[in-house]
Amino acid sequence: MAILVLLAVAWSALTFGQLPNPLLTRTSQGRSWRRAFPRASNKQIREFLSVFTSAFDFRDVDMLKFRPDDQLVGICRTLHPSKWAADAAEFETFARDLRTRFGVVLEDIWDERLTLGALFSHIQQTRPASR
């Protein structure tokens with residue numbers, strides 16, 4: 001029994017922060033972000049994706065595996081296929097971080113079909129031109 005517990009702990013430690021299979025096999029989506037947002041700097045795109053990956057406990061090295069057309073709800077359903085809804089704590093963390101870092105209130109723009117790209121576009125529109 002102790003061996004099974006140790007194996008379970010080791011397995012969860014190895015897979016912590018790992019992307020779900022459909023996302024894990026993706027190549028870098030940096031080009032799709034640059035095509036969708038030609039005026040945004042790489043730094044701005046990476047900053048946004050870093051806030052997202054941090055809130056959802058993904059590794060920063062996987063941030064460019066997400067596409068602008070990825071829906072937030074779809075990502076969460078991929079992460080938590082057995083749950084009806086995504087983990088509310090992840091969304092709460094993401095909403096708090098968006099407000100802190102970008103001054104965006106997620107609840108004000110929330111839609112079930114909200115994509116990462118639509119959210120990033122909203123952030124770009126609300127940021128001062130100097131950034």
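HN-Hα J couplings of segment 66-74 from phi, Karplus 6.51/-1.76/1.60, θ = phi - 60°, integer Hz, Gly and Pro as x?
These are the phi-based 3J(HN,Hα) values: 8, 9, x, 8, 6, 7, 4, 5, x Hz.
How much length would be gained if the chain were fully extended between ASP60 and ARG34, taking 0.36 nm per residue of separation minus their Cα-Cα distance, in nm to one decimal? Numbers along the way, then the final one.
Working: separation 26, 0.36 × 26 = 9.36 nm, distance 1.83 nm.
Net length gain for the segment: 7.5 nm.
Can you order the peptides 32-39, 54-61 by their average number of other Cβ atoms within 10 Å per residue, highest first? Intermediate values should be presented prior to the final figure.
Numbers: 32-39: 13.8, 54-61: 15.4.
Sorting 32-39, 54-61 by mean packing, highest first, produces 54-61, 32-39.
Between THR27 and GLU112, 0.36 nm times their residue separation minus their Cα-Cα distance comes to what? Let's see the in-between values first.
Details: separation 85, 0.36 × 85 = 30.60 nm, distance 2.59 nm.
Gain on stretching THR27 to GLU112: 28.0 nm.
Can you list, largest first and rounded to whole Å, the semi-axes you get for segment 38-117 by taking the square root of 5 times each eigenvalue of its Cα gyration tensor?
Values: eigenvalues 76, 44, 31 Å².
Those come to 20, 15, 12 Å.
Convert each backbone phi in segment 91-103 into a coupling constant with the Karplus relation 6.51 cos²θ - 1.76 cosθ + 1.60 (shift: θ = phi - 60°), then list the ³J(HN,Hα) values in order as whole Hz, x for Gly and Pro.
Residue by residue, segment 91-103 yields 5, 4, 5, 4, 4, 4, 5, 5, 5, 5, 7, 10, x Hz.
Here, each number is a calculation from the coordinates, and none is a lab measurement. Everything numeric in this text was worked out from a predicted model, so none of it was measured. With ideal geometry, Cβ positions are generated from the backbone for all residues, glycine too; neighbour counts draw on all protein chains shown.
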